[in-house]
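Below you'll find the structure, written out as structure tokens, and then a few comments.
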Amino acid sequence: MKPAAVVIVGAGVMGASVAYHLTARGWRDVLVLDRSGGPGRGSTGAAAGGFRAQYATAINVRLSLLAREKFVRFKDEIGSDPGYQPAGYLWLATTPAELDILRAALRVQWDAGLYEAVEVNADDIVRLSPAVAPGVALGGTFCPSDGYIAPLRILDGYLAAARRNGARLQWGTNVTGFQVDGSGHIVSVETDGGRIETAYVINAAGAWAAGLAQCAGVPVPVTPLRRQVAATVPCTLLPPQTPMTIFAGDGFHFRVRDDRVLLLWPSPGVSGRPFDIRVDPEWLSAVARMAHQRVPALRTVDVDAAASWAGLYEMSPDKHAIIGPAPGCDNLYLINGSSGHGVMHAPALGALLAELITDARFSSLDATALRPSRFAEGAPNPASGLL
């Protein structure tokens, strides 16, 4: 098969962002491989489409601020609408301890430049998200510039822009291994369609990143985690601009999309079947009961099991992205482990990796906190009380 200067494995939003940002910096011999038959058939297509900068670590806040800048100018730069709608994120605390966690995160956000995030009281909650049951929350935090994005529009926009810049996309191609020389460098990518000689490989395989890296003998601490989304039948009970409303204690949250209310509540792990993305009927019943208690207006609305879905997060040990050269194989670059934040951070992470490969440094922001070696160094990012 034809050689490529850079082979990107994975054509989800992360791989698409890297492909675009590399070609925007002058790279032309870029090949993107994906084993699926077309765009949006992996985790990107299953994303609920939230965007926020309300995090509890400075690096995640800064990633969001950089990504938000890119979403604002996405149409001018990329040529399509990313669907960014600043409807806000409303975090709710039901106990003083939860409110303390949100306040601590708020201080981190202010220090990192997210000045519009504010603390809210019970009266503010009624105004911002009136569907929440009265008295359930004692306070919380709100950021009006958080909101919603359209994952598939972002993916399609980056893929189209990368192609316009000369990148090649190859669907239905499964990577089976790598040929590595005596110094530990990858010299070619082995696929079920043949060998591709290359100078750089980028692992953008999402939940499958660990298995791909193992082909080069490199451990990548990424594990898949199943997440589920319950969709109600079409209804008009809540306005489309309802903010993403999240209970800090257990992560239950809801939003309106395409005339349905989406209900989300973190599943209890991989359940022994990490790549099985079927929706659990028991989970649907449990999340519906939770919604009826906390959002009384939904008591008359059924959950539509056929419209509900599940997808995979790519979890790192500290729930932060991993970006940079793989330890022991410095021409294998990782852009993995975003832990549920991948679509919203893809513009920033793709740009940062393109900077690192091209210039051997980050220029948009200092992302060394996300270096792959941090786990072996005993320097993971701090645990967060937020999702």
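Bear in mind that the values in this text are calculations on the coordinates, not laboratory data. Source: prediction; values computed, not measured. Note that we place each Cβ from the backbone using ideal geometry, even for glycine, and neighbour counts take in every protein chain shown.
Values computed for the structure shown
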{"quantity": "Under 5 Å, built H, 5+ apart or other chain: amide partners of residue 90", "calculated": "244, 245, 246"}
{"quantity": "Nearby aspartates and glutamates by direct alpha-carbon distance to residue 70 (threshold 16 angstrom, same-chain neighbours under 8 apart not counted)", "calculated": "81, 146, 156, 355"}
{"quantity": "Interchain or long-range residues, amide H under 5 Å from residue 197's placed H", "calculated": "4, 189"}
{"quantity": "Local electrostatic count at residue 341 - Lys and Arg +1, Asp and Glu -1, tallied over other residues with Cβ under 9 Å", "calculated": "+2"}
{"quantity": "Protection-proxy order for peptides 107-113, 155-161, each taking the mean of Cβ atoms within 10 Å per residue, highest first", "calculated": "155-161, 107-113"}
{"quantity": "C-alpha center-to-center spacing [segment 320-379, segment 29-108] in angstrom", "calculated": "16"}
{"quantity": "Leading residue at positive end of dipole, the chain (Cβ point charges), from 254, 82, 67", "calculated": "82"}
{"quantity": "Two-decimal log10 I(q)/I(0) for segment 54-135, as the Debye equation yields it once each C-alpha is a single scatterer, q = 0.10, 0.15, 0.17, 0.24 Å⁻¹", "calculated": "-0.33, -0.67, -0.81, -1.15"}
{"quantity": "Alpha-carbon centroid distance for the pair segment 180-258 / segment 279-311, whole angstrom", "calculated": "25"}
{"quantity": "Ranking of 14, 315, 244, 290 by count of other Cβ atoms within 10 Å, fewest first", "calculated": "290, 315, 244, 14"}
{"quantity": "Student exercise, the chain dipole from Lys, Arg, Asp, Glu Cβ charges, in Debye to nearest 20", "calculated": "440"}
{"quantity": "Gyration tensor verdict on segment 84-126 (Cα atoms; rounded if a/c is under 1.5, prolate if a/b is larger than b/c, oblate otherwise)", "calculated": "oblate"}
{"quantity": "Calculated FRET efficiency for the pair residue 126/residue 358, C-beta based, R₀ 51 Å, to 0.05", "calculated": "0.55"}
{"quantity": "Label point 7 Å beyond Cα of residue 257 along Cβ direction - residues of segment 219-248 with amide nitrogen under 19 Å", "calculated": "225-247"}
{"quantity": "Sorted peptide list for 216-227, 250-261, criterion being average Cβ within 10 angstrom, highest first", "calculated": "216-227, 250-261"}
{"quantity": "Charge sum, other residues only, whose C-beta stays under 14 Å from residue 151's C-beta, Lys/Arg counted +1 and Asp/Glu -1", "calculated": "+2"}
{"quantity": "Karplus (6.51, -1.76, 1.60) ³J(HN,Hα), θ = phi - 60°, over segment 363-371, in Hz, Gly and Pro reported as x", "calculated": "10, 6, 6, 7, 10, 5, 4, 9, 4"}
